[in-house]
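Data block below; observations after.
The values are calculated or read from the model by the stated rules, or taken from the named source; none is laboratory data. Keep in mind that what you see is a predicted model, and the values were worked out from it rather than measured. Cβ atoms come from the backbone with ideal geometry, glycine included; neighbour counts cover every protein chain shown.
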Amino acid sequence: MLDRLAGRLGPAALLLPAVALLAVVFVLPLLRLLELSFSDPAGAATPYVELLHDPIYRKVFAATAWVAVAVTAITVLLGYPFALALARAPLRWRVILFACVLTPLWISVLVRTFSWMLLLETNGPVNRLLVAGGIVERPLALLFNQTGVLIGMVHVLLPYAVLPIYAALVRVDPALLRASEGLGASPARTFLRVLLPLSMPGVATGGAFVFLLSLGFFITPALLGGASSITLSMLIDGFVNERLVWPLAAAASMILLAATLAFLAMAARFVAPAAVAEVR
Amino acid sequence: MSAVRFAGIGKSFGAFTALHPTDLDVADGEFLTLLGPSGSGKTTLLNICAGYLPPSRGRLLVGERDVTATPARRRNMGMVFQSYALFPHMDVHENVAYGLRVRRVPASEIARRVAEALRVVRLEGFARRAIRALSGGQQQRVALARALVIEPDVLLMDEPLGALDRQLRKEVQLEIRRMHLARPRTTLYVTHDQEEALVMSDRVAVMRAGSVVQVGTGRALYDRPADAFVARFLGESNLVAGTVAATDGTTATLTVPGLPHAIAGSAASGLAAGARAVALIRPETVRPEAGGLPARIVERVHLGEIVALRLVLGNGLELWCRRLAGTDPAGEGIEIGWDPASVSILPDAA
């Protein structure tokens, strides 16, 4: 009965409620924001000109991009071996490792970020361990700077890199690895020539996820970063909540949106949503 | 000299024995097929030979070398996988060249040897094709070229024709056979298809439940199977159960309830008077014979050039008879017989 109904109406009809909701709560406000960004009394394009020319704002853009690139690189480098372990582990271990990836996703970002504040403070456990272990002489400044932002964001975003890479790895036919070995290849060569290239769609997808999420990330940089590491989303927050300059905030949001869309357009060639959708 | 020697090779997974201790010799340049139903241990034996699976016991010798503990990548064996396992991100040329690049063969020689290998499998002009742009049969040939180009000491094939349609399979069987005869190479071939085994092999090892039951030429296995299992697995067979009346070691007679005479035939080893046994009467040896056993034709199956007749004897016993189309007797009633020399009396494989 339900099948018949779905068959007659087609997938388009099933998507309708979601599309309608998005139109009302997402697309309409976005259009309003676009309108707002051109509503400066001093001239329609003034906010954009100000944002793109002021060296301070340009520094923020650069810092945002740099954090996003660094976080992406670190999560992929940490996530790949983890995903590989996940793909290779016997079933019992795989369940435990999966829990390690997924449980953090279910805990509020705010809670996780506050936890990092406790861990990273000058007299926190991380610094005490480093000093006690003789690795450093004096406690490191791990909080309210870029280091803190990177640590926190890598932790929060790691699952978004691990899961697509894992999905790509388990799709690689194990017979290919045996074929490579049988043809005389060392484990390192098999990895570099067969497994790594075939898992690149997962790396690209995971990397793009992390990069895009990093670009607009707010809570973690806001809490763990300092005045020296302001990102675009913190800037927008400042415009709205402190300076009450809505046109500037709207224009900055539009620039972030444009950057995101531009990146998506570039990445569309390499990123395969299918790699995630078709997990076997 | 044997090229490959399995000496007491066995494999267990926990309490499950996949392969009982097995002795098997493959001669230099011989094409030996491991034939058996799924779960008979044939792929286990192949994977142990390739080095993908460590044996639980026994030794594996290639030439004079003990390779039991040698990793797969140092064994110089060419493997053709059931799924072909071609690298999807490389073109045909790169797939075939892979094993040569690993061996650091100079570029000019790689080009020459890859071209030669592609010529042998009749894929000239396909070097720059993507793997996914090839048909199943072409992919199978690329896999073969990739295994052959490294000049392997042993060629291993794991049901490589399983994914091809029937017509193509027959062609490739003959092609592989011709290639083997032109350039004999020690080959271990795994299949569950008896026709494939008979067409291509110098010898066939029939496997069952983790053991090699019988090794021999296709002809020998067909004419003189060791037991009823082998008889049933190779070709069509009538197996008539009875009791051994007498045996002198080379011939035997079998008493069958309801038949006027005992069935005479060659005796397989392990027969004793009074034991239960079966008589193997191949359907093509059953023929109309005036004054023979009276039978009724209850079914005719046309198989093209052959007609299969299902016969019921007076005692209810069923026999299949295969005649060339056009030579099959008309009508329902028939008197039949067979040549005792073509009959084998076999121990009943429980």
When you look at A:Val71, is it closer than 25 Å to A:Ile230 by Cβ and at pLDDT 90 or above, yes or no?
yes
Among the candidates B:Arg185, B:Arg203, which residue alone is basic (Lys, Arg) and in contact with a Ser or Thr (Cβ under 8 Å, 6 or more places away or on another chain)?
B:Arg203
Take the range A:164-176 and flag every residue that is closer than 29 Å to A:Ala70 by Cβ, within 11 Å of chain B (Cβ to nearest Cβ) and crowded, with 20+ Cβ neighbours inside 10 Å.
none
Here is a check on your reading of the model: is B:Ser12 away from every other protein chain (no Cβ under 14 Å), outside any helix (DSSP H, G or I), among the small types (Gly, Ala, Ser) and touching a Leu at 6+ places or on another chain (Cβ under 9 Å)?
yes
Could you run through the range B:56-99 and say how many residues are closer than 30 Å to B:Arg129 by Cα and touching a Lys or Arg at 6+ places or on another chain (Cβ under 6 Å)?
4
Which numbered condition trips up B:Ala252, out of (1) surrounded by fewer than 22 Cβ atoms within 10 Å (Cβ to Cβ); (2) among the small types (Gly, Ala, Ser); (3) outside the structural domain of B:Gly10 (by TED's automatic domain parsing)?
(1)
Kindly check whether there is at least one residue in the range B:23-43 that is free of Cβ contacts under 8 Å to residues at least 24 places away in the same chain and within 9 Å of another protein chain (Cβ to nearest Cβ).
no
If only one of B:Thr43, B:Thr70 is surrounded by 14 or more Cβ atoms within 10 Å (Cβ to Cβ), closer than 26 Å to A:Leu177 by Cβ and more than 18 Å from the chain's Cα centre (by Cα), which one is it?
B:Thr70
Starting from residues that are charged (D, E, K, R) and surrounded by 16 or more Cβ atoms within 10 Å (Cβ to Cβ), keep the ones in the range B:311-350 and report whichever is nearest to B:Phe233 (Cα to Cα).
B:Arg322
When every residue in the range B:85-122 that is part of a helix (DSSP H, G or I) and among the β-branched types (Val, Ile, Thr) is compared, the one nearest to the other protein chains (Cβ to nearest Cβ) is B:Val102
State all residues of the range B:44-73 that are among the small types (Gly, Ala, Ser), within 14 Å of chain A (Cβ to nearest Cβ) and touching a strand residue (DSSP E or B) at 6+ places or on another chain (Cβ under 6 Å); if no residue qualifies, say none.
B:Ala50
How do the pairs read when you match residues in the range B:110-127 that are free of Cβ contacts under 8 Å to residues at least 24 places away in the same chain and more than 17 Å from B:Met179 (Cα to Cα) with residues anywhere that are part of a helix (DSSP H, G or I) and of a type outside the set (A, V, I, L, M), using Cβ under 8 Å and keeping only pairs 6 or more apart or on different chains?
B:Ile110/B:Arg101
In the range A:106-135, which residues are exposed (fewer than 13 other Cβ atoms within 10 Å of the Cβ) and of a type in the set (A, V, I, L, M, F, W, C)?
A:Trp106, A:Ile107, A:Leu110, A:Val111, A:Leu118, A:Leu129, A:Ala132, A:Ile135
Can you pull out every residue in the range A:36-51 that is touching a residue at least 12 places away in the same chain (Cβ under 8 Å), assigned to a helix (DSSP H, G or I) and over 13 Å from A:Phe239 (Cβ atoms)?
A:Thr46, A:Tyr48
May I ask you to say which residue of B:Val92, B:Val96, B:Val120, B:Val105 is out of contact with any Gly (no Cβ under 7 Å at 6 or more places or on another chain), over 11 Å from B:Ala147 (Cα atoms) and either buried (at least 22 other Cβ atoms within 10 Å of the Cβ) or not assigned by TED's automatic domain parsing to the domain that holds B:Arg146 (or both)?
B:Val92
Report, by residue number, each residue of the range B:168-208 that is within 18 Å of B:Gln138 (Cα to Cα) and touching a Gly at 6+ places or on another chain (Cβ under 7 Å).
B:Leu168, B:Val172
Check off (1) under 22 Å from B:Glu94 (Cβ atoms); (2) without any contact (Cβ under 8 Å) to a residue 40 or more places away in the chain; (3) part of a helix (DSSP H, G or I); (4) not β-branched (Val, Ile, Thr) for A:Ala222 and give me the number that stays unchecked.
(1)
Selection from the range A:177-219 of residues that are outside any loop (DSSP other than H, G, I, E, B), facing chain B (nearest Cβ under 9 Å) and of a type in the set (Ser, Thr, Tyr)
A:Ser180, A:Thr190
Within the range A:136-144, is even one residue of a type outside the set (S, T, N, Q), surrounded by fewer than 22 Cβ atoms within 10 Å (Cβ to Cβ) and in a helix (DSSP H, G or I)?
no
Tell me which residues, restricted to the range B:292-321, are outside any strand (DSSP E or B) and farther than 21 Å from B:Gly258 by Cα.
B:Leu303, B:Gly304, B:Glu305
